[in-house]
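Here is the structure we will look at.
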Amino acid sequence: MTLALAALTLTQGPWGRPVKDHFPHAYDLLDVKWHIKLLPATYSIDGEVTNTVKALSDGATLLFDSVGLKILSATVDGVTAATSLSKTTILVAPKGRKIKKGETVRVTIRYSGTPEAGIYFIPAERAFPAHTPVVYTQGEMVDTRYWIPTYDYPDDKATSEGVIEVPTGWNTLSNGRLAHVTENKQTGYTTFDWKQELPHSTYLISLLAGPYSEVPDGTRPVKTSIFVPTGLEAWGKSAFGGTDKIVQFYSELTHFTYPWAKFAQCAVPDFMYGGMENTSAVTQTITAIFPPDCRGSNDATGLVAHELAHQWFGDTVTCPSWAHAWVNEGWATFLPSFWDRSQYGDDAFSIDRYGTFQGGLGAHVGSNRPVVWDGYREAVDMFNGFIYPGGASRMFMLMHQVGEDRFWTAVGKYLDECKFQNVDTPRFFDVFSRNLGTDLKPFMQQWFYTPAAPNLTVRRLDGKVTISQPEPYFDLNLDVWILDGDWIKRSVHLTGPSASLDLEGHNSASVLVDPECWTMANIDSQVPLSFDQAKELWAAIPNSGEHCRVMDSMFNWMSGSQWLDIAKSTKSTRVLSRIIGHLGLESTKFLVGLVASEDRNIAKSALDRLGSLGLPGESKGIAQRLYESDPDTTIRQTAFRHLINVTKDIALVKRGLHKESVHDGFRIAALDWYEANRPDEARDLCLEILQRPDSEPQRVRSIQMLGHLKDLPNSRRVFNALAKILNEKSFGARSAAIGALSEYGDKAALPLLTPF
């Protein structure tokens, strides 16, 4: 920093390393009114923002986040003010006036620029599968400052208004309700005025602009709609249709009615995330949408349900700093499982829960830190398995501990008490403890501030089953079920290094710890099983989540024929889809039968397994038939990939190179084949594609491949082509080029990569 006014706030984290959060907060941000004119030809913007703030002290400084923007002028309550800039902030100083505590002032800043982040201009040629330009924003975590000078940290909330000028013929989407649309025939621009009348954090401010169509999706309990590039309306409806029903479901589940003026989702190309929960105006990746004929093998419900859940958790109630980001992301990962349960039953719910536990445990592999952690260097460092499945896992366990009905009643009270506020972890547990009449501080300390997860080892010895754990010791109440004809149900309280349970004479019986899968713990069972015992255990397991856990932790010794036996006795298609990957050549006939399944995901999984086995027996002919005539494009793409890998049919590969389809699967499969089978031709092909790409996904895949294909001796064609892409404004292609140059392994790339 070059200016002392943009001082750093240093806090000492619980793990001993000081970290940077944000500059001192001298005011309360009340409202952000921004006016943006888009200039697509130059990837630039003209803007004006009025930040209405209330001073928290006498002489409060009017300091705002701003990066890379050209400041044209500033006023305070309409009077010209002085400005001082650093690389990351703008200080606005009123002339001849000192701001008093409690005073409300309006700070207007006019600016322009070609932002390097925050707002993205995607030309038509990069907008696959659409062929129309689009402009969108992405503010989380700290990127709103690249296109609006404002307070850009999550610990303050303000109402907002977005006035957007776009070329006539374009549509827009932003936060809140659409108040006005005005067309100016002289300028060729149309102005859209969006008003967000309930407070939200500024990283949630957003805009979308382009030749987009709005597809209605429902009106109860609030207007719900889908924005997609014109011509892809059916794709958007296939992926996002029915979201209004999830809005209603979440309102009932949480005992807190959806609070915002509308719920809209837009699909954009070249997006860096799966989705983003901008208040009432979610941005989703365009790769989430698909044509109606692919509905059987594609499903965007998980993505939709996650971003929608954020409208309650993350938007209505928001973490005050990224150290507590689980308050947003853990809950948004938690809620979709309940929608799954409402649609598909406990089978889906228990598998979702197990998968969430596995994700939470996986975060602790190689990076053992607590969920709440202020040791991050960049905000994005927090966005990983600790806060997504890690946070959700802990909410599953909390719900199970206190009882589901009591839990959801407490959720409703929490949302009502804390609505439109910022909530950290201690306050969350304080509110929940009060509403439940239970002290949850021990739960909070163990599960959110302990830099570890439970690792349990189960042994059977001397007529007892013993459960042991390494330090740090978790305090766990664990169900232990013993299978000897019927289940004998017991429990054990583990607080230190080990706890034991008398088998009461059932010395050779099978044992399950946490048999209904309600604890996020690695459970290493060292209780030996014969195959007959395994089959008996499989038949008695109480739910599909535990089936998945037992597969992963207790059945890893099985042969392919034994897995086939297990598969034939499995009733859950969701569990069966996991078993398919364990099946071998002896299961060919069984897999061929599954390819004909009405469940298209089972059919695709079986086809994938047959492909990995080399399409044995009659499966080659089945793959050929599926490629030629299956109505589902995703299935045809899968069959195509396996056929070219097995047959090496170069004519078929070449046809795929220029065959457009959903997610560009044919072209990508053909490129992958060239890389695996004809690398020198693949290099030339990828370089040619960079000059004349058929699609953006094909171009990005070519960039990725060039990183490991590298140049021939005494050539720099690949290196120079990759270096050129670094100058683009794209996200996907430029990110691919950064990765490819890193993999290329030439020190000459270092000065090119350093700015990134």
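The values are calculated or read from the model by the stated rules, or taken from the named source; none is laboratory data. Quantities reported herein were computed from a predicted structural model and do not represent experimental measurements. FYI the Cβ positions are ideal-geometry reconstructions off the backbone, even for glycines, and counts take in every protein chain you see. Protein only, heavy atoms only, side chains kept; ligands, DNA and RNA dropped before computing areas. Shrake-Rupley method; radii C 1.70, N 1.55, O 1.52, S 1.80 Å.
Details
- None of 391, 355 is touching a residue at least 24 places away in the same chain (Cβ under 8 Å), touching a Cys at 6+ places or on another chain (Cβ under 9 Å), part of a helix (DSSP H, G or I) and not β-branched (Val, Ile, Thr) except 355.
- Residue identified as over 16 Å from the mean Cα position of the chain (by Cα), surrounded by fewer than 18 Cβ atoms within 10 Å (Cβ to Cβ) and among the aromatic types (Phe, Trp, Tyr) among 373, 408: 408
- The one condition in (1) under 24 Å from residue 393 (Cα atoms); (2) modelled with pLDDT under 95; (3) among the polar types (S, T, N, Q) that residue 508 fails to fulfil: (1)
- If you check 279, 333 for being crowded, with 24+ Cβ neighbours inside 10 Å, free of Cβ contacts under 8 Å to residues at least 60 places away in the same chain and either part of a helix (DSSP H, G or I) or of a type in the set (Ser, Thr, Tyr) (or both), only one passes: 333.
- If you go through the stretch 290-310 and keep only what is closer than 14 Å to residue 244 by Cα and in contact (Cβ under 8 Å) with a residue 60 or more places away in the chain, you end up with 304, 308.
- Single residue of the stretch 626-638 satisfying the filter (without any contact (Cβ under 8 Å) to a residue 12 or more places away in the chain and part of a helix (DSSP H, G or I)) that is surrounded by the fewest Cβ atoms within 10 Å (Cβ to Cβ): 629
- Only one of the numbered conditions (1) of a type in the set (Gly, Ala, Ser); (2) part of a helix (DSSP H, G or I); (3) in contact with a Lys or Arg (Cβ under 8 Å, 6 or more places away or on another chain) is violated by residue 748, and that is (3).
- Test set (1) under 16 Å from residue 137 (Cα atoms); (2) surrounded by fewer than 19 Cβ atoms within 10 Å (Cβ to Cβ); (3) of a type in the set (A, V, I, L, M) - residue 178 fails condition number: (1)
- Contact map, the stretch 424-452: residues that are under 13 Å from residue 398 (Cβ atoms) paired with residues that are part of a loop (DSSP other than H, G, I, E, B) and of a type outside the set (A, V, I, L, M, F, W, C), Cβ distance under 7 Å, separation 6+ or inter-chain. Pairs shown: 433/439; 446/475; 448/370.
- Identity of the residue in the stretch 428-465, open to solvent by 70 Å² or more (accessible area, probe 1.4 Å) and basic (Lys, Arg), that ends up nearest to residue 321 (Cα to Cα): 441
- Residues of the stretch 482-502 satisfying the condition of being open to solvent by less than 20 Å² (accessible area, probe 1.4 Å) and either within 33 Å of the chain's Cα centre (by Cα) or over 16 Å from residue 522 (Cβ atoms) (or both): 482, 483, 492, 496, 499
- Looking at 236, 296, 302, just one residue is surrounded by fewer than 24 Cβ atoms within 10 Å (Cβ to Cβ) and part of a helix (DSSP H, G or I), and that residue is 302.
- Residue list for the stretch 479-527, restricted to those being in a strand (DSSP E or B), of a type in the set (Val, Ile, Thr) and in contact with a Phe, Trp or Tyr (Cβ under 9 Å, 6 or more places away or on another chain): 488, 511, 513
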